[in-house]
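These notes concern the structure reproduced below.
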Amino acid sequence: MATPNKIHQDVMYYGAVKYLSTLEMPNNSITSDMISTTDPIVSTKLQRRIAHKYFQDGTIADDQEGMHIVYGSTGILVGFECCITETAIVGDSTVNVDLWLNGSTILTGTVNFTSAHAVRTVLTATFSALPLADDDVLEVEVDATVSSGTLPVGLLCILTHDEDAA
């Protein structure tokens, strides 16, 4: 490859510039202010970060609920976090939270709450796989087991994923 020309000063062009190869620009060289409000970037060229909330108010009970159907062509799971919000578990009772993808678990292990977890202790799940595809169905499944104590009150889970445009 030939040695590139180097210009060590500002340059202003009054006509079109045609690149015959890939244009390499430093990170953060294009800012939001540079994107036209009258001719913005079309949504098909964007990736979006989506956060879904699952919440139980009152004593936690068994439940299964849909959280999201993937609309974009592809996506990737970013995080799944849960916490007890009001009253902690007493005794041997447990709450297990699972995340399902198309009817099967997507976690390496459920999010498991016991009496060792204080209120607002955030537990983070580990995914067994990360990719998502169009029409994938994500569901949360809660298994609340009362034993020699009491079940907690209040459950909050947040699922975060990135999704490409459709």
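For the range 120-166, give me every one of the strands (runs of 3 or more DSSP E) that falls completely inside it and has 3 or more residues that are β-branched (Val, Ile, Thr).
137-145, 153-164
Is one or more of the residues making up the range 139-160 farther than 25 Å from residue 89 by Cα and buried (at least 16 other Cβ atoms within 10 Å of the Cβ)? No: zero hits. Checking 107, 77 one by one, the residue that is of a type in the set (A, V, I, L, M), farther than 30 Å from residue 150 by Cβ and in contact with a strand residue (DSSP E or B) (Cβ under 9 Å, 6 or more places away or on another chain) is 77 and no other.
Within the range 18-74, the set of residues being at pLDDT below 85, within 30 Å of residue 99 (Cα to Cα) and among the aliphatic types (A, V, I, L, M) comprises just one member, 46. Restricting to the range 1-19, name every residue that is within 23 Å of residue 41 (Cα to Cα) and among the aliphatic types (A, V, I, L, M). Passing the criteria: 16, 17.
The values are calculated or read from the model by the stated rules, or taken from the named source; none is laboratory data. Quick caveat, the model's predicted, so the values are computed rather than measured. Positions of Cβ are backbone-derived with ideal geometry, glycine not excepted, and every protein chain shown enters the neighbour counts.
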